[in-house]
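> Sharing a structure, written as structure tokens. Questions coming.
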Amino acid sequence: MLAFLRRNQIFFSSCVCLLVSLYILTAAARGQIKNEPVGALLMWLLRPLQIAGQSTADWIKGFRDNYDTLAGFRSENERLRKRVQTLEIERQRLLEAEATNRQLQKLLDFRNELPSGAITATIIAGSATSWFQSCVLNKGSTDGVRKGMAVVTPLGVIGKVVAVTGRTAKVLLLTDPNSGIDVYVQRTRSRAIVSGSLDSGTMLKYVKRSEDVQEGDRLVTSGMDSVYPKGLLVGTVIKVRKQNRGLFQSIEVWPAAQVARVEEVLVVGVETEATKK
Amino acid sequence: MKLFLMFFLAGIFLVVLQTTLFHLLPIGPVVPDLILVLCVYLGLYHPSVGGVLGSFFLGYSIDIVSSPILGFNAFAMSLVYLAVYLCARSIWLHHPMVSSVVVMLAALVKGAAMVVIWAIFLSVDGFWSGAARYVLWEATLAALLAPVLFALLRRGQKIIERLDPATA
């Protein structure tokens, strides 16, 4: 018996791992996993590396932009090109500093409009897999970030915090199929849910065929889900399709805030009776 | 021990790469799954309990960083390891030229596992067509990148074995 087990130890240990994974999945789906020490340790380990990786990515992005800018000067001589390159890099740096300054100023103004206690954070990593749309912030529970808080920018809603460690927070983006934001169509005040999908971008769901929704309609948070403060821009309707069958319309939405173009975000919590206590 | 350290560092490096630099690639939301390639490598060349645990933790680390529910990738990667191990036991898969095909098939196994688990735990609208696209994209990208990663891992392994012949 022991020899049989030993001979097939890889098979059996794989089966054990599969069962453990299924157990974790079930427990996580039921919300039974509250504190997860391995995850906290891993995030602690990854945080500086992700910050360094993101800085490198930003540098490459900047370099690529500079290269595009310089493509028009190819015909000029070497000395002049080098000079232009130096000046262009310097200009890019200043423009970047100015843009960051403007962005932070906007963020500061926007922060005053939000419920008190908004936390400024930086996106340090994106999703490691194509199946989920998420990102990682450089602020965690030690900075006051809690699970379920909303992540927003002056442009619009980004998503909500789904897991927190001491110094990082995982955010489920509104473009993820598992997300859902309670919204109003600003023009008609009809209520619906904005959610991501795997096949056709972000969608406005559960809008009856009789409801009046048009392309260009702006969608704002209703504040009814106790996650997002009321009145924040979520996106704009870009395509409305009424099929011959079904109860609801098929409506595509262009998210107001694109996470690829955002660096700084605000993490806000909505005060509910539960949090007040 | 040194080999374990090498795979551990490679895993960390690949997770960081997948969460940061790979988002610069102009391929939309699809992220090349090098962690999967690493799991296939472990399944082919390191048939041991350590390899099983390594694959499980690689998947789990992806869950920690990106998944809304823990366990998705841990399950998928463990399944990939088991599938590769069982195939490698009966068919000769160790030729470098075959690596791309093996990785592509492993990516399809992973995709199928993700589809099944997703359908059970996270039922969403418009899932099937989107899932099929992701599975095919991921499998193609992983197959294209597999020979490079395999070569790098083999080289790293050879260097470690030269430094410490006991690990060979």
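The values are calculated or read from the model by the stated rules, or taken from the named source; none is laboratory data. Not measured: the values here are computed from a predicted model. Neighbour counts are summed over all protein chains in view; Cβ atoms, including those assigned to glycine, are modelled from backbone coordinates with ideal geometry.
> If I go through region A:37-60 residue by residue, how many of them are surrounded by 15 or more Cβ atoms within 10 Å (Cβ to Cβ) and more than 7 Å from every other protein chain (Cβ to nearest Cβ)?
So the answer is 3.
> Mind checking which residues of region A:225-240 are among the hydrophobic types (A, V, I, L, M, F, W, C) and not in a strand (DSSP E or B)? Before the answer, list the steps.
In the first step, residues of region A:225-240 are kept if they are among the hydrophobic types (A, V, I, L, M, F, W, C); the result is A:227, A:232-234, A:237-238, A:240.
A:227, A:232, listed by residue number.
> Any idea how many residues of region A:4-31 are out of contact with any helix residue (DSSP H, G or I) (no Cβ under 8 Å at 6 or more places or on another chain), exposed (fewer than 14 other Cβ atoms within 10 Å of the Cβ) and either within 24 Å of residue B:43 (Cβ to Cβ) or facing chain B (nearest Cβ under 7 Å) (or both)?
Total satisfying the criteria: 6.
> In addition: When residue A:34 is evaluated against the numbered criteria (1) more than 8 Å from every other protein chain (Cβ to nearest Cβ); (2) in a helix (DSSP H, G or I), which criterion, by number, is the only one it fails?
In the conditions (1) more than 8 Å from every other protein chain (Cβ to nearest Cβ); (2) in a helix (DSSP H, G or I), residue A:34 misses (2) alone.
> Could you say which residue among B:141, B:93 is under 20 Å from residue B:152 (Cβ atoms) and either of a type in the set (Val, Ile, Thr) or modelled with pLDDT under 85 (or both)? Don't jump to the end; show me each part of the working.
Details: B:141 fails: either of a type in the set (Val, Ile, Thr) or modelled with pLDDT under 85 (or both).
Exactly one residue qualifies, and that residue is B:93.
> Quick one: which of A:164, A:213, A:185, A:227 is among the hydrophobic types (A, V, I, L, M, F, W, C) and under 30 Å from residue B:138 (Cα atoms)? Steps first, please.
Numbers: A:213 fails: under 30 Å from residue B:138 (Cα atoms); A:185 fails: under 30 Å from residue B:138 (Cα atoms); A:227 fails: under 30 Å from residue B:138 (Cα atoms).
Just one listed residue meets the conditions, A:164.
> Of B:62, B:35, B:69, which residue is at the interface with chain A (Cβ under 7 Å from one of its Cβ atoms), within 11 Å of the chain's Cα centre (by Cα) and of a type in the set (A, V, I, L, M)?
Values: B:35 fails: at the interface with chain A (Cβ under 7 Å from one of its Cβ atoms); B:69 fails: within 11 Å of the chain's Cα centre (by Cα).
That would be B:62, the only listed residue that is at the interface with chain A (Cβ under 7 Å from one of its Cβ atoms), within 11 Å of the chain's Cα centre (by Cα) and of a type in the set (A, V, I, L, M).
> Test residue B:17 against the criterion of being over 23 Å from residue B:116 (Cα atoms) and more than 10 Å from every other protein chain (Cβ to nearest Cβ), and give yes or no. Give the steps one after another, and end with the answer.
Numbers: over 23 Å from residue B:116 (Cα atoms): yes; more than 10 Å from every other protein chain (Cβ to nearest Cβ): no.
So residue B:17 does not fit the description; no.
> What do you reckon, is residue A:108 without any contact (Cβ under 8 Å) to a residue 60 or more places away in the chain and more than 11 Å from residue A:266 (Cα to Cα)? If you could, list the steps in order and put the result at the bottom.
Working: without any contact (Cβ under 8 Å) to a residue 60 or more places away in the chain: yes; more than 11 Å from residue A:266 (Cα to Cα): no.
In short, no.
> Here's another thing I want to ask about it. Quick one: count up the residues across region A:117-160 that are more than 14 Å from every other protein chain (Cβ to nearest Cβ), more than 13 Å from residue A:265 (Cα to Cα) and in contact with a strand residue (DSSP E or B) (Cβ under 9 Å, 6 or more places away or on another chain).
5
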